[in-house]
Amino acid sequence: MSDLTVAVSEPTFKRLFAKVRDNVTESTAGSADFGPFSASWNVGFKLQGGTVDLQNDGTVRISELDVVYTPLQLSLGLDIPEVCVGGFCIIPNPFGGCILRAPRICVFSADPDISLPINLSGLITTEISGAFRIKTRYRVDPNRTATMTNLDAEDAHVANKWQLLLDPVWLDIDPIDIPDTVGNILDTAINNAVDALLGWLPGWARDLIKAILGSIANLIRAILDIGDDIQEWLSNLLGVSIGILNFVATTVADYFANRYPLFEFEDPYPILGYDGPLIPVKVPVLDLAVSVSDTEMALTANVGG
Amino acid sequence: MAFTDNCDLFAAVHEAGLNRIAHHLMRQRPSLFNYGTQIFAELPELLCRRIETHPEVRRRKNPLITIEDPISIPGTDGQFGLDFCAQLTALKIDLHPGNLLDLPPELDPPLKPQRLALFAEVCGGLICHERQVAERTGDSIAARAASQSKQVTWDRSVELPQRAVQAPAWRPALPKVLCFCLEAFGIGRFEVVGPDGAKQLVIRLERLEVVDIAPDGLESNVECFLATTLRVGLLPKLHIALDTVVLELGKLATLSLSPTPITPAVPNNPAIEDELLKVFVNVGVAA
């Protein structure tokens, strides 16, 4: 018989899960050059929905937990080949040369020429399911020095801690679910960018450039290698090129397994705090163990001598 | 049957763990269990029992004893007193069904359900001065009373310590402490008291029996003194405030705890059974 037993019911565990889930947010930013175009991103996610169940095999099962990407802001930079129009001679000089030339206008001279800001926040989701074991870990704070007593460590906020963490047994992350509306968003972004880029030109120049390049929008699509399926393209961009699936998988696993313990407490555990100059009374906790059944999670421990 | 069939959270402490916790408490907070006048703080070797402490107590210069005024000597208008010490030197708790302690017949063994038994060794002693010192002190008091209008200088260095003075002017070089130790057994229970929002888990001492003191009247007085000291002086310092026990959940949520109400399914909360102190708790979750 252990000295100490604490058990949490499954309904309580579910409420705790919901509260933790609602408070999990993470984000990252980055940029990369993919040859024909470059991308920078600010990607974050939050968790929604899903269920948690305690299992008789000692695991905690999480099902159909939605990862909602927000913020999800992309900025695609494209380098379009330079196009120059005009500069032709309007009034030739019969003795050679040109008396009056049409103005020469060059576009797409910059690099990148077009920056497409695409805000997909809250539109794209991924679904996660997994099974986790609850493991215990005894953490010695790396900032604790060898000469510190337990009380010194407490005073310096580097006390040893017992921690409970979710250790993934398996983790399944579905492909990114991209709705149809994303295609329209991308088209709108492209058209807006083209209008902004060429809008300052006189009408004849804009017509001339479009005649040369055909549809600018189609050109951009070709540069981005979008093809016929914009969803597949975006899924590949986000999931493979930018790698947000890895980011989510790593972050979610780390969230539960390493960075954010489900629960932690100091060891030795203070049962009475400081009372003026009187030191706290601290009790060493040994042999912390956890067991899971389909009705509750139970912790046991012993009191050290 | 699961621990949490009728509550959100269940906590239990086995009597072995409870006794180890008590041991840590006595070593790390010795001033909660040892009392005496100033002289015992200055000369702890005079105490009836040596105090075993955690090294941190001495390193942080925590007091070994709580300093009390000398015991007032009747007839001196509270001006004079005797140095004393009182120590709770051993403490053992036995939860139902009792198996650690042999209760004296006066406590009607065996231990009843939902009850705890406790054993305590209490040691105490007075510094009793030489007869001549007491006589000189009495003479001084009498002479002062008789010559209130006269300017007389009294040699107060030969008197008993003044009660209100923390460091008496006179002490024998090596005072002699008349030590005694008593064994006391008690019966008690745990209880949750207080209004909502300020619930506390407390120990209630129901009965106390001091072993082998005669005559009966003296025994009753000693028992009354010890029981009152425990109920008023010591046990209130060991209350556990249930509502303020808030656990941090990985910085993502906090739990506020309150005792599960008594129902037919939870007839005792806290409960003492199977050598365990059991507490059934409802949990509130907040961000």
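The values are calculated or read from the model by the stated rules, or taken from the named source; none is laboratory data. Bear in mind that the values here come from a model prediction, so they are computed numbers and not experimental data. We place every Cβ from the backbone using ideal geometry, glycine too, and count neighbours over all the protein chains shown.
Brief remarks follow.
- Selection count where residues are at the interface with chain A (Cβ under 10 Å from one of its Cβ atoms) and of a type in the set (V, I, T), scope segment B:266-287: 4
- Of the residues screened, B:T76 is one that is assigned to a loop (DSSP other than H, G, I, E, B) and of a type in the set (V, I, T).
- Only one entry in B:L103, B:L174, B:L160 is outside any helix (DSSP H, G or I), at pLDDT 90 or above and either loosely packed, with under 14 Cβ neighbours inside 10 Å or of a type outside the set (G, A, S) (or both), namely B:L103.
- Just one of the listed residues (B:V202, B:V281) is modelled with pLDDT under 95, in a strand (DSSP E or B), of a type outside the set (G, A, S) and within 17 Å of B:F10 (Cβ to Cβ), and it is B:V281.
- Residue match in segment A:199-209 (condition: touching a helix residue (DSSP H, G or I) at 6+ places or on another chain (Cβ under 7 Å), at pLDDT 80 or above, part of a helix (DSSP H, G or I) and buried (at least 16 other Cβ atoms within 10 Å of the Cβ)): no
- Condition check for A:T28: β-branched (V, I, T), within 14 Å of chain B (Cβ to nearest Cβ) and either assigned to a strand (DSSP E or B) or more than 30 Å from A:N192 (Cβ to Cβ) (or both): no
- Candidates A:V83, A:V107, A:V158: the one that is farther than 30 Å from A:W200 by Cα and away from chain B (no Cβ under 14 Å) is A:V158.
- Filter result for the condition that a residue is in contact with a Cys (Cβ under 6 Å, 6 or more places away or on another chain) and polar (S, T, N, Q), over B:T76, B:T53, B:T66, B:T89: B:T89
- Residue count for segment B:98-133, restricted to those that are β-branched (V, I, T) and within 17 Å of B:F180 (Cα to Cα): 2
- Here A:S2 meets each of (1) crowded, with 16+ Cβ neighbours inside 10 Å; (2) over 30 Å from B:L9 (Cβ atoms); (3) small (G, A, S) with one exception, condition (2).
- Counting the residues of segment A:35-77 that are without any contact (Cβ under 8 Å) to a residue 60 or more places away in the chain and charged (D, E, K, R) gives 2.
- Elements of type strands (runs of 3 or more DSSP E) in segment A:90-172, at least 2 residues being touching a residue at least 24 places away in the same chain (Cβ under 8 Å) and within 30 Å of A:L238 (Cα to Cα): A:114-119, A:125-139
The rows are residues; the columns are (1) in a helix (DSSP H, G or I); (2) surrounded by fewer than 19 Cβ atoms within 10 Å (Cβ to Cβ); (3) at the interface with chain B (Cβ under 10 Å from one of its Cβ atoms).
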residue	(1), (2), (3)
A:E232	yes, yes, no
A:S241	yes, yes, no
A:S291	no, yes, no
A:N302	no, no, yes
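- One residue alone among B:A16, B:A12, B:A2 is part of a loop (DSSP other than H, G, I, E, B), of a type in the set (G, A, S), within 14 Å of another protein chain (Cβ to nearest Cβ) and under 21 Å from A:T300 (Cα atoms), and that residue is B:A2.
- Residues (in contact (Cβ under 8 Å) with a residue 60 or more places away in the chain and either within 11 Å of chain A (Cβ to nearest Cβ) or surrounded by fewer than 19 Cβ atoms within 10 Å (Cβ to Cβ) (or both)) located in segment B:47-57: B:R49
- Scope segment B:19-33; condition touching a Phe, Trp or Tyr at 6+ places or on another chain (Cβ under 9 Å) and either within 7 Å of another protein chain (Cβ to nearest Cβ) or more than 15 Å from B:L238 (Cα to Cα) (or both); matching residues: B:L25
- Test: B:R60 is modelled with pLDDT of 95 or more, surrounded by fewer than 16 Cβ atoms within 10 Å (Cβ to Cβ), over 14 Å from the mean Cα position of the chain (by Cα) and more than 9 Å from chain A (Cβ to nearest Cβ): no
- Checked against the criterion of being buried (at least 20 other Cβ atoms within 10 Å of the Cβ) and not hydrophobic (A, V, I, L, M, F, W, C), the candidates B:D77, B:D83 yield just one match: B:D83.
- Filter result for B:R144 (within 24 Å of the chain's Cα centre (by Cα) and either modelled with pLDDT of 95 or more or not in a loop (DSSP other than H, G, I, E, B) (or both)): no
- A:V20 vs. criteria under 20 Å from A:T251 (Cβ atoms), within 10 Å of chain B (Cβ to nearest Cβ), in contact (Cβ under 8 Å) with a residue 60 or more places away in the chain and under 13 Å from the mean Cα position of the chain (by Cα): no
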